[in-house]
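The next block holds one structure in the form of C-alpha cells; read it before the comments.
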Amino acid sequence: MENLKNKTVIITGAASGIGKATAELFAQKGANVIISDIDESEGIVTTKNIVASGGKVTFIKTDVSIPEDMEALVNFAIKTYGKLDVAVNNAGIGGELNPLADMSIEGWHKVININLNSLFYGMKYQIRAMLKNGGGSIINISSILGSVGFAGSSGYASAKHGVIGLTQTAALEYSSQNIRINAVGPGFIDTPLLDSLDTEMKKQLVALHPIGRLGKSEEVAELIYWLASDKSSFATGSYYPIDGGYLAR
C-alpha cells in the first residue's frame, strides 16, 4: 500500500483545509477517494478539481455527528469498490470560545459530538469493513490541544484529548488483526477554520510556534499519507504532533 494505488479511502471534512489537501494527495497517488463534508457546494468544487487533475474521487454529503450518515459512507465505499482500506477521520469544528463557566450547554454538546463522537461512529463501521478485507489503516485527526489545554476552548481541548484515548484503545483492540490506528496532532494550520480571526489574533497564534509561522494543510497531508501507507507498517496506537515546535515550548 506504499502508493495507495487502487486502494479505497474515506476522508471526512474534505471540502477544505487538511481534508481537502489529503484528498488531493491521495488521489494523486492513485487511490479511489471518497470525500465527505457537510458543505455540499465546496465538496462538489473540490471533487471537480480533483477529477480535472486526473484523480478518482466521489463526494458524499455527510453529517459526521449522525451515526447513520457515517454508516452510509462506509456502505457506499463497500458497494462501490468492494472494500475499505483507509479512513481519515478529519471533520471537526473550532467550537464555542468561552471560559468554561460561560460555555453554553449547547456549545459543549456540539463540539463534543462533531469532534469526538463522530470518530467513534466512524470507526465503529470502518473497523467492521476493514476486518472483512483483512486489515487497513485509520488516521484520526486530533490536535496539539489533544495533549495540552487552551484557555477558552474547554470543549475543543476535551474532545481532542478524547480522540487520542479513543485511538489508543481501538489500536490495542484491533492491531493484532492488521488494522493500524493512529492520531495526528496538527498545530495551528492556515485553514478556513482560522478565517474568522483578525490579523492581530493570527500574529499571536504564529508567535506560539517556534518555527515562526502557521502550518500548511499540505504538510499535514504528507504525514497522514505516511500513516496510511505501508511505510508506517509498525506504527499503531501512536499520536504524531506536527506543530512547528508548539509542544516543545
Take the conditions modelled with pLDDT of 95 or more, within 19 Å of G135 (Cα to Cα) and either in contact with a Phe, Trp or Tyr (Cβ under 9 Å, 6 or more places away or on another chain) or not hydroxyl-bearing (S, T, Y) (or both) and apply them to V74. Does it pass? yes
Does G94 meet the test of being more than 24 Å from K5 (Cβ to Cβ), of a type outside the set (S, T, Y) and modelled with pLDDT under 95? yes
Restricted to segment 65-77 and to residues being touching a strand residue (DSSP E or B) at 6+ places or on another chain (Cβ under 8 Å) and of a type in the set (G, A, S), the residue surrounded by the most Cβ atoms within 10 Å (Cβ to Cβ) is A77
Over segment 132-169, the set of residues crowded, with 24+ Cβ neighbours inside 10 Å and among the charged types (D, E, K, R) is K160
Residues of segment 10-35 being among the β-branched types (V, I, T) and under 14 Å from T47 (Cα atoms), which ones? I10, I11, T12, T22, V33, I34, I35
Could you check how many residues of segment 225-241 are among the hydrophobic types (A, V, I, L, M, F, W, C), surrounded by fewer than 19 Cβ atoms within 10 Å (Cβ to Cβ) and touching a residue at least 40 places away in the same chain (Cβ under 8 Å)? 1
Identify, please: which residue in segment 83-109 is surrounded by 14 or more Cβ atoms within 10 Å (Cβ to Cβ) and charged (D, E, K, R) and is, among those, farthest from T191 (Cα to Cα)? K83
Among the listed residues T62, T58, T80, identify the single one that is β-branched (V, I, T), surrounded by fewer than 19 Cβ atoms within 10 Å (Cβ to Cβ) and under 20 Å from the mean Cα position of the chain (by Cα). T58
Looking at segment 175-195, which of the residues that are surrounded by fewer than 19 Cβ atoms within 10 Å (Cβ to Cβ) and touching a residue at least 40 places away in the same chain (Cβ under 8 Å) is nearest to I93 (Cα to Cα)? L193
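The values are calculated or read from the model by the stated rules, or taken from the named source; none is laboratory data. This is a predicted model, so every value here is computed, not measured. Ideal geometry is used to build each Cβ from the backbone, glycine not excepted, and the neighbour counts take in all protein chains shown.
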